[in-house]
Amino acid sequence: MIFEKYEPEFSPIDYFITRFFVGDDCLFEQETKVSLPTLITGDMIDIFDESYLIESREFGFNEKAFITVYRIKKS
């Protein structure tokens, strides 16, 4: 049996960007080289000593980064 070398169609992602928005304002952004745990709708998170509720999340990507956007509101 012959195994051919696999050539990926796309280059690997270099960065994972996570953004937290309250309305149209970006409250916090973090860039990492590894994926962070995913939050789901209804989860609570503390940012700058304030508690926020995750209302929704969105995903996107480009050639170099995978982006997760969370829409949050103060609880």
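Tally up the residues in region 25-75 that are of a type outside the set (Val, Ile, Thr), part of a strand (DSSP E or B) and either within 20 Å of Tyr15 (Cβ to Cβ) or touching a residue at least 12 places away in the same chain (Cβ under 8 Å) (or both), please.
The total comes to 24.
Taking region 8-22 as the search range and keeping residues that are within 27 Å of Glu55 (Cα to Cα) and of a type outside the set (Ser, Thr, Tyr), which one is surrounded by the fewest Cβ atoms within 10 Å (Cβ to Cβ)?
The qualifying residue surrounded by the fewest Cβ atoms within 10 Å (Cβ to Cβ) is Ile13.
Since every read-out is calculated from the coordinates, none of them should be taken as a lab result. Predicted model only: the values in this text are computed from it and were never measured. Note: ideal-geometry Cβ built from the backbone for every residue, glycine included; neighbour counts use all protein chains shown.
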